[in-house]
1. Right, D4: in contact with a Lys or Arg (Cβ under 8 Å, 6 or more places away or on another chain), surrounded by 12 or more Cβ atoms within 10 Å (Cβ to Cβ) and at pLDDT below 85 or not?
2. Suppose we filter the stretch 193-239 for residues that are surrounded by 15 or more Cβ atoms within 10 Å (Cβ to Cβ) and over 22 Å from F137 (Cβ atoms); how many remain?
3. Take the residues in the stretch 181-203 that are among the polar types (S, T, N, Q) and closer than 19 Å to F72 by Cα; name whichever of them is modelled with the lowest pLDDT.
4. What are the residues in the stretch 193-213 that are aliphatic (A, V, I, L, M), in contact with a helix residue (DSSP H, G or I) (Cβ under 8 Å, 6 or more places away or on another chain) and either assigned to a helix (DSSP H, G or I) or without any contact (Cβ under 8 Å) to a residue 60 or more places away in the chain (or both), if any?
5. In the stretch 65-112, how many are closer than 30 Å to H141 by Cβ, hydroxyl-bearing (S, T, Y) and under 17 Å from the mean Cα position of the chain (by Cα)?
6. β-branched (V, I, T) and over 24 Å from A19 (Cα atoms) - does that describe any residue in the stretch 232-245?
7. Have a look at F18, F52 and point out the one that is at pLDDT below 75 and in a helix (DSSP H, G or I).
8. Which one of these is outside any helix (DSSP H, G or I) and modelled with pLDDT of 70 or more: R105, R57?
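The values are calculated or read from the model by the stated rules, or taken from the named source; none is laboratory data. Quick caveat, the model's predicted, so the values are computed rather than measured. Neighbour counts are summed over all protein chains in view; Cβ atoms, including those assigned to glycine, are modelled from backbone coordinates with ideal geometry.
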Amino acid sequence: MIADLAALYERRQLLGDFAWRELRARYKGSALGFAWNFFIPLLQLVVFTILFGVLLRTPSRTATGDQPYAIFLFAGLVPWTFFASSLQGGAASVVANGAIVKRVRMPVQLLPAASVLSALVNLVASTAVLLAVLAVFGPRHPEGLLWLPLLIAVQLVLGLGFAYVLAALNVFFRDVEHILSVILLAWYFLTPVLFPVSILADRPRELALLHLNPMTAIVVGWQRALLDGAPPEWDALAYAAAFGVVLFVAAFAYFRRAKDGFEAAL
C-alpha cells in the first residue's frame, strides 16, 4: 500500500496531466472555457439572491444574523459542490479512461486522485468568487481564512476515500454512477447547507444524528469561518477527519485488490 501511495507522488506530473485533461474535456468547445469555474458560482449566487432575497424574502439564518440567506447558502454550497464533484468524478474515473487502462501500463490509482484534484481546482475558483462576494457585501472576517486549509485538507481525504471505493465498484457494477446521483441528492438535504444547525438546538437526538454525517462538520466549519470568523467545532471536525482517514485506508486497500480485475471488466 505504501508503494502504491508513493507512486502517486512519483508520478505527480502524470497526475497533474490527467487532472488538466479532465478539466479541458469538461469545457471543450465552450466559448468561456475555464472561466466557467468563476461564472457558474457567481450565477448561482445571483439566482439565490433573486429567489430567496427578492421573491421569497427569506430572512437571514446565520449565527450573526447580519447577512442575507443567499450568502449563507452559498457558503455551504461551495464545499458541498467540491464533495459531490469528487464522488461523481471519482466514480467515473476508471470507466471513463477504460481504453487507457487496457492499453497503457500506468498506476491506475492515479485516475480517482486526478478526478478529485480536478474538483479541487474548481473549489479554488468557487472559493475565490465567494471571498470576493464577502469582501464586497460582507460579512468580512479575514481571520476565518486561517481555518480553510484545514477544512479543505479533511475534505480532500474524505473525497479521496469515497472516490477510490466508488471507482472500483463502478468498474464491476455500472449502476453505481446512477445510484450515486440519488444518494448525493438525499445526502445534500441531510447536510446543513440549506438550513443552519441551530434550528435543531432543542432537538438533541436529531442533532446527534446530523453530526454522524461527516460533511456536517465541514460545511458548518466553512460557515463559521467565513460568516462568523470562528474556528470549526473541533470535536465534530476530529470525527470527520478520523472518518476520512479510516475510509481512505480501507478504500485504497480495496482499490489495490480490485484493480487486477479492471482490465477484464472493462
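1. Here the answer is yes, as D4 does meet what is asked.
2. 17
3. Of everything passing the filter in the stretch 181-203, S198 is modelled with the lowest pLDDT.
4. The answer is V197, L200, A201, L207, L210.
5. So the answer is 3.
6. No; the residues of the stretch 232-245 include none that is β-branched (V, I, T) and over 24 Å from A19 (Cα atoms).
7. F52
8. When all the criteria are applied, what remains is R105.
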